[in-house]
Structure formats: C-alpha cells, structure tokens
1. When the residues of region 98-108 are filtered to those that are open to solvent by 40 Å² or more (accessible area, probe 1.4 Å) and touching a residue at least 12 places away in the same chain (Cβ under 8 Å), which remaining residue is farthest from the chain's Cα centre (by Cα)?
2. Go through (1) assigned to a helix (DSSP H, G or I); (2) of a type outside the set (Asp, Glu); (3) open to solvent by 30 Å² or more (accessible area, probe 1.4 Å) and name the single condition Ile122 misses.
3. Out of curiosity, is Pro67 out of contact with any strand residue (DSSP E or B) (no Cβ under 7 Å at 6 or more places or on another chain) and either crowded, with 16+ Cβ neighbours inside 10 Å or outside any loop (DSSP other than H, G, I, E, B) (or both)?
4. For region 26-53, give me the residue count where each residue is closer than 21 Å to Ser167 by Cα and in contact (Cβ under 8 Å) with a residue 40 or more places away in the chain.
5. Suppose we filter region 80-92 for residues that are surrounded by fewer than 21 Cβ atoms within 10 Å (Cβ to Cβ) and under 24 Å from Gln136 (Cβ atoms); how many remain?
6. Does Thr81 satisfy being in contact (Cβ under 8 Å) with a residue 60 or more places away in the chain, within 14 Å of the chain's Cα centre (by Cα), closer than 28 Å to Glu16 by Cα and assigned to a helix (DSSP H, G or I)?
7. Quick one: how many residues across region 26-44 are part of a loop (DSSP other than H, G, I, E, B) and surrounded by fewer than 13 Cβ atoms within 10 Å (Cβ to Cβ)?
8. Restricting to region 153-179, what's the tally of residues that are in contact with a Ser or Thr (Cβ under 9 Å, 6 or more places away or on another chain) and of a type outside the set (Val, Ile, Thr)?
Amino acid sequence: MSQLKNRLIEELIEREGGYVNDPTDRGGETMYGITLKTARAHGYQGEMKLLPYEMAFHIYKKTYWDPLKLDAISQHSEALTEQLFDFGVNSAPFHAAKALQTTLNVMNKQQTLYADLTADGILGSRSIYALNAFLQHRKRKGLAVLTEAIRGLRIAFCIDIAVNDESQEKYQFGWISRIVEL
C-alpha cells in the first residue's frame with residue numbers, strides 16, 4: 001500500500017476523532033468517523049466505542065479510497081487526492097466522483113479534449129482517461145484549478161445541506177473550516 005494512501009487515511013482517522021453519538025448528527029453514532037450503518041455493512045457487530053482502528057482503516061480503504069480510484073489520481077496530485085477522499089468520506093464517494101466528472105465535463109472545451117462523461121458518480125476508466133487528457137492539456141495550472149473547483153463544490157454541497165435542513169446549520173462552520181484548511 002502506498003505511503004500516501006496510508007498517511008491520508010491515518011490523518012483522516014485522526015481528524016474524525018474517536019467515539020461520537022450526537023443525536024442531531026445525521027450520521028448517527030460513529031467511531032473514527034465510521035457510522036454504525038457502515039460498520040455493520042462491513043460485518044462489525046460490536047459496540048461502536050470498541051471499533052478496532054484496523055477495521056476503520058480497512059473500511060476507509062475499501063469504501064472510500066478504492067471506489068474513487070485514488071491510487072490513479074494520486075499519481076497526479078496529492079491535493080486533489082486528499083480533497084476527493086475527504087469529500088467522499090464526508091458526503092459519500094458518489095458525490096465526490098460526480099463532482100469530479102461534472103467539473104471535467106465543463107472544462108473539456110466542448111468535447112475537444114475528451115468526450116463528456118456520464119456524471120453518474122461512478123469513476124471508471126473513462127473518467128480516469130478524461131482526467132489524464134485534461135491534465136495533459138492544462139498541466140499544473142489545470143490541476144490547481146480542478147482541485148479548487150472540487151473544493152468549491154464541496155463547500156456548496158455542505159451549504160445546501162443546511163439550506164435544506166436547518167438543524168444541520170450548527171455543523172456548517174466546522175464542515176467548511178475543514179474543507180478550507182485541508
């Protein structure tokens with residue numbers, strides 16, 4: 001396993017912290033940021049307070065890192081990899097992938113760089129091809145713009161949550177600070 005993957009997962013677990021059971025948090029009971037529902041889906045039957053660190057690490061890799069094809073993306077950029085990974089963890093891999101696909105679509109110069117992607121939230125070989133084609137054309141500046149676009153979409157996503165559910169306003173400053181500081 002790559003050093004970057006290990007480090008980013010470890011840093012994420014540290015950011016998420018230990019056991020939390022806030023009744024107003026839509027995620028419910030969590031340990032290391034892993035929800036009860038996700039832990040159960042991975043076969044964990046114990047108390048959430050006792051979720052092993054190693055299991056949390058495995059869940060982050062299998063449920064968030066792998067579906068976002070972050071091994072391939074990390075070959076280009078640590079910053080983009082970290083934004084997509086954190087986005088996937090906080091908002092589901094589907095939303096992070098769809099944000100990447102949508103952004104790549106609007107930056108393909110009307111399909112002259114690569115064909116539009118189906119923004120279905122599932123990263124596959126076409127999405128990775130489009131990313132590679134975009135970066136080949138736009139280089140370092142394109143990578144910086146793409147990363148910041150993803151960051152902006154993350155912030156908008158969080159704001160929309162509170163717009164649609166006022167009880168989630170209490171988390172906004174923390175959520176947005178996390179994105180800005182990442």
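1. Of all residues in region 98-108, those open to solvent by 40 Å² or more (accessible area, probe 1.4 Å) come to 98, 102, 106-107.
This time we only want the ones that are touching a residue at least 12 places away in the same chain (Cβ under 8 Å), so: 98, 102, 107.
Working: Lys98: 11, Thr102: 15, Met107: 20 Å.
Result: Met107.
2. The one condition Ile122 does not meet is (1).
3. Numbers: out of contact with any strand residue (DSSP E or B) (no Cβ under 7 Å at 6 or more places or on another chain): yes; either crowded, with 16+ Cβ neighbours inside 10 Å or outside any loop (DSSP other than H, G, I, E, B) (or both): yes.
Answer is yes for this residue.
4. 2
5. 1
6. On the way: in contact (Cβ under 8 Å) with a residue 60 or more places away in the chain: yes; within 14 Å of the chain's Cα centre (by Cα): yes; closer than 28 Å to Glu16 by Cα: yes; assigned to a helix (DSSP H, G or I): yes.
Taking the combined requirement at face value, the residue satisfies it.
7. Going residue by residue through region 26-44, those that are part of a loop (DSSP other than H, G, I, E, B) are 26-29, 32-33, 42-44.
Narrowing further to those that are surrounded by fewer than 13 Cβ atoms within 10 Å (Cβ to Cβ): 26, 43.
Selection size over region 26-44: 2.
8. Total meeting the criteria: 8.
The values are calculated or read from the model by the stated rules, or taken from the named source; none is laboratory data. Keep in mind that what you see is a predicted model, and the values were worked out from it rather than measured. For neighbour counting, all protein chains shown are included, and Cβ atoms are generated from backbone atoms with ideal geometry for every residue, glycine included. Calculation scope for accessible area: heavy atoms of the full protein, side chains included, ligands and nucleic acids excluded. Shrake-Rupley method; radii C 1.70, N 1.55, O 1.52, S 1.80 Å.
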